[in-house]
Every structure is written in C-alpha cells, then in structure tokens.
Amino acid sequence: MSIRRVGKASTPASGPVSSVRNRSVDGVAGEIFARHLADVAGTQEMEAPEAVAAAGQVAPVGDREPTSHQRREQLLQTGELLDSLAALGRDMEASAKSNTTENIQLRSHLRKTRDMALRTLSDSPTVGLERDLLHRTAVLATVELAKSERGDYK
C-alpha cells in the first residue's frame with residue numbers, strides 16, 4: 001500500500017505505510033506494557049509448581065457457605081415449587097382435558113415460581129443442602145412443564 005500526496009505535484013512521494021524503522025524490536029506493545037506493569041508492581045514470575053500450589057490455596061468465590069437468610073429463601077422457594085407442582089398434578093387428575101384455562105394458569109404460575117427459583121440459584125453459593133434441594137425441584141418443575149406442554153399427559 002502506498003500513500004500519495006495530494007496538492008503538491010512537484011514532489012510525488014509515495015512509500016510504504018509502515019517501515020522497518022517504526023517496528024519495535026522488543027515485541028508487541030501489549031507485551032511491553034505488561035513488562036512495565038510487572039516492574040512497577042514488583043511482581044516476580046512464579047515457576048509452574050509454585051503457580052499450581054498457589055491456585056490450590058485460593059477457594060472459589062461461589063463455594064462459600066450460604067447465610068441463614070439464603071437457606072431460608074431457598075427452602076421457601078422449594079416449598080412454593082412443590083405446591084405449584086402438586087396443584088398442577090391435582091388439576092390434571094381432576095380434568096380429562098389438559099388444556100383447561102385453570103391448567104394453563106397453573107402452568108403459568110409454575111413457570112413463574114420456577115424462574116424465581118432459578119434466579120435464586122444463580123445468586124446463591126454453590127454449596128448447601130438447601131440449594132441442592134431447590135435445584136432438584138427446579139429441574140423437576142422444568143421437566144413437568146415440558147411434559148405437560150408437549151401433551152404427554154393426554
């Protein structure tokens with residue numbers, strides 16, 4: 001690629017956009033910045049065994065123990081999901097048709113409680129018996145919603 005000057009006909013200068021003089025000998029600018037940042041911070045590079053040992057000492061953020069408020073909320077949401085599943089089951093047993101207006105309302109309510117439970121699961125720590133129970137109940141609700149919408153219970 002070449003650049004041509006416009007407006008000065010006396011000196012037609014054309015040449016490459018980048019030249020060998022402009023290239024850095026030390027490497028890419030990002031590497032240079034990283035080296036300068038490491039020099040300023042005073043960090044030393046770790047050897048591979050030290051890096052593995054250091055990584056094993058740090059616990060992931062999501063594995064902290066849930067608070068009593070989070071456990072109580074998870075149990076309440078599990079109860080709501082189970083109540084919604086029970087109501088849907090009773091309605092399916094009572095009516096031969098699975099697309100009654102009450103059945104559609106019950107499925108909509110189950111979907112809403114399931115979505116709230118999924119939001120709670122995404123915000124809560126990844127350990128705990130209450131979380132496991134809520135997770136299993138949310139999976140059960142998702143499966144039952146898919147079955148009832150697909151028409152498996154007709």
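The values are calculated or read from the model by the stated rules, or taken from the named source; none is laboratory data. Note that the coordinates shown come from a computational prediction; the quantities given were computed from them, not determined experimentally. Glycine also receives a Cβ, built like all others from the backbone with ideal geometry; neighbour counts cover every protein chain displayed. Remember, those area values only see protein heavy atoms, side chains included, never the ligands or the DNA or RNA. Shrake-Rupley method; radii C 1.70, N 1.55, O 1.52, S 1.80 Å.
On the protein heavy atoms, probe 1.4 angstrom, tell me the percent of accessible surface of the stretch 83-132 carried by carbon and sulfur. Heavy-atom surface of the stretch 83-132 belonging to carbon and sulfur, 1.4 Å probe: 53 percent. In this structure, GLU102 and VAL139 have a Cβ-Cβ separation that, at R0 = 22 Å, corresponds to a calculated FRET efficiency of about 0.30. Net charge in the neighbourhood of ARG150 (other residues with Cβ under 13 Å of its Cβ; Lys, Arg +1, Asp, Glu -1) is 0. The local environment of ALA86, defined by Cβ-Cβ distances under 13 Å, has a net charge of -4 under the rule Lys, Arg +1 and Asp, Glu -1. Using the Cβ-Cβ distance between LEU76 and ARG150 with R0 = 30 Å, the FRET efficiency computed as 1/(1 + (r/R0)^6) comes to roughly 0.50.
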